[in-house]
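The structure appears below as structure tokens.
The values are calculated or read from the model by the stated rules, or taken from the named source; none is laboratory data. These numbers were taken from a predicted model, which means no experiment stands behind them. In this analysis, Cβ positions are derived from the backbone assuming ideal geometry, glycine residues included, and neighbour counts consider all displayed protein chains. Just so you know, the surface numbers come from the protein's heavy atoms only, side chains and all, with ligands and any DNA or RNA stripped out. Shrake-Rupley method; radii C 1.70, N 1.55, O 1.52, S 1.80 Å.
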Amino acid sequence: MAVVGCGGRGGSNLEQMLGESVVALCDVNQNAVDYASGKVQGARTFTDYRKMYDSLKDGDYDAVVVSTTEHTHAFAMLPALKAKKHVYCEKPLTHNVREARLITEAAKAAGVATQM
């Protein structure tokens, strides 16, 4: 799994994932990434989810957990859905109706499990 958002709520989500195969950690706050990487040995670390998605190969991960700031949920989810990865996203799913439609269409096209 890849985790986008490791501090705050994301840190709490990460605690629930300990013991699972977490291959990537991403947060704009380097301190949050550093703290999270101390809990998940061997995970690659990033401060930009776009670079994370560009760096990970298709077989590296199966799912993404998105726990970023609310107005970035859709943008952090969309690359995962386009790569046909399962996604768990914190609420609210999107910031506006247009983003909700984009995410709905991408999730349907991907045919993967999604949860909010």
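Among the listed options (1) 1.08; (2) 0.97; (3) 1.03, the one matching Cα Rg over 2.2 N^0.38 Å as calculated from these coordinates is (2).
Neighbours of Lys84 by Cβ distance under 15 Å: Lys/Arg scored +1, Asp/Glu scored -1, total 0.
Axis angle, to the nearest 10 degrees, between helix 73-82 and the longest C-alpha principal axis of the chain: 80 degrees.
Just from its helices, what would the mean residue ellipticity at 222 nm be for the chain, if runs of 4 or more DSSP H residues each count -39500 (n - 2.57) and the sum is divided by every residue, rounded to the nearest 500 deg cm²/dmol?
Working: 5 runs with 50 residues, N = 116.
Calculated at 222 nm, the ellipticity per residue is -12500 deg cm²/dmol.
Computed with every protein chain present, the accessible area of Leu93 is close to 50 Å² [probe 1.4 Å]. Angle of helix 97-110 to the longest C-alpha principal axis of the chain, folded into 0 to 90 degrees and rounded to 10: 80°. Backbone phi angles across the stretch 5-17, fed through the Karplus curve with coefficients 6.51, -1.76 and 1.60 (θ = phi - 60°), yield HN-Hα couplings of x, 10, x, x, 4, x, x, 5, 4, 4, 4, 6, 9 Hz in residue order; Gly and Pro are listed as x. Beyond 23 Å in Cα-Cα separation lie the following of the pairs Lys57/Lys82; Lys39/Lys82; Lys51/Lys108; Lys85/Lys108; Lys39/Lys84; Lys57/Lys85: Lys39/Lys82; Lys51/Lys108; Lys39/Lys84. To the nearest 10 degrees, how steeply does helix 30-39 sit against the main Cα axis of the chain, on a 0 to 90 scale? Between the helix axis and the principal axis of the chain, the angle is about 70 degrees. Between Gln41 and Ser12, the contour length at 0.36 nm per residue exceeds the Cα-Cα span by 8.7 nm. The residues of the stretch 1-96 expose on average 53 square angstrom of accessible surface per residue, using a 1.4 Å probe on protein heavy atoms.
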